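Heads up, the thing below is written out as C-alpha cells.
The values are calculated or read from the model by the stated rules, or taken from the named source; none is laboratory data. From a predicted model like this one, the values you see are computed outputs, not experimental measurements. For neighbour counting, all protein chains shown are included, and Cβ atoms are generated from backbone atoms with ideal geometry for every residue, glycine included. Ligands, DNA and RNA are stripped out before the accessible areas are found, and what is left, the full protein with its side chains, is counted by its heavy atoms. Shrake-Rupley method; radii C 1.70, N 1.55, O 1.52, S 1.80 Å.
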Amino acid sequence: MGKKFLFLMALVISAITTNGQTQRIDSTAVYLLHRTGETLQDIKSCSFTAITTYDVPNESLGLIKHAINDKVAIKFPDKMKVTSTGDKGNRALWYNGKKLNYYSLDNNTYGFTAAPESVIQTIDEASKKYGIEFPGADFFYPTFLQDLLSEQGNLIYLGKTIVDGRESYHIAGSDKTKSFQFWIGNDDLFLPVKLVIVYTSDKDKPQYEALYKDWTINIDYPDSMFEFTTPPKATKVKLAARENTK
C-alpha cells in the first residue's frame, strides 16, 4: 500500500490547499476507495451480478427507468464473460484474450472482433468503438481513484449504512458534470456494493444506478468457459461501430 497511498494522500492535500472552500476531499473516502482498488488489482479472478437501472428521456413522459441484469465472470488478465438480460435484450459476450464475441439470444445472431490482450484494454476499446458498456468497469481501472480526484470535485465519507442487507461505507462526491455515490462493503475486501450517478449537467438530470452482489473471488475458472461456440442455425452479423460524435 505504502508509496501508492502516500501519493494519493498528497493529491488530497494539494486539492484542499489549492481549492480551499470550493472543494472538499475526505481522506477517509480516499482510503476506502483505495482499498477497493487494491483488492480488484490483486485478485486473479472474480464473478458478480450487477443489477443496473438507468434513465432514458421521453418527450411526453419525462425520464423512463430501464433495467439490465448482468452476470459477469473475469479471469485476469485476459478472459471475461458477460451474460445480460433486461431492457436491451438477452445477449452475451465472451472474451478469450484474442477475440470479443457477441451473441444475441433473442435473434440467434453472433458477431466478433479482434480484441486487445487484456480485459481492461478490451473493455476500453469495446466501449469507445462499439458503445458496449461493461457493468462495474470503472472500479477495475488501475487509475480509477486518481482519475476521480483529477476531476477537482468533492469526495466525502458519509458513514456506515445497510444496502441490500450488507453493512457498507457510504461515500458521495461531485464534479462539474455529475454527482455520484459509492457504497463499499464493510469487510476485508472492500468490494463495491452500489453505485449511483446523477448527470447534473444534463437539463433532465438522468440517473444511473448499479447494485453489485454475489461476489466470488479467486475461483479457478476453466479457459473453456470463455470460449464462444456458435449455436445451431445462428446467423453471423457484423458488429456495428458507434457513430463518430466529434
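Brief remarks follow.
- Just one of the listed residues (T122, T85) is closer than 27 Å to D223 by Cα and not in a strand (DSSP E or B), and it is T122.
- Looking only at region 155-198, and only at residues there that are touching a Gly at 6+ places or on another chain (Cβ under 8 Å) and of a type in the set (V, I, T), the one that is nearest to N69 (Cα to Cα): V193
- Region 125-143 - residue that is open to solvent by 30 Å² or more (accessible area, probe 1.4 Å) and in a helix (DSSP H, G or I) and, of those, farthest from F112 (Cα to Cα): D138
- Members of region 30-75 that are of a type in the set (A, V, I, L, M, F, W, C), open to solvent by 60 Å² or more (accessible area, probe 1.4 Å) and not in a strand (DSSP E or B): L61
- Residues of region 87-119 classified as within 20 Å of the chain's Cα centre (by Cα) and open to solvent by less than 40 Å² (accessible area, probe 1.4 Å), total: 13
- Leading residue by the ranking (most open to solvent (accessible area, probe 1.4 Å)) among those in region 202-246 that are among the aliphatic types (A, V, I, L, M) and not in a loop (DSSP other than H, G, I, E, B): M225
- Which numbered condition I217 fails, given (1) within 23 Å of A114 (Cα to Cα); (2) touching a Cys at 6+ places or on another chain (Cβ under 7 Å): (1)
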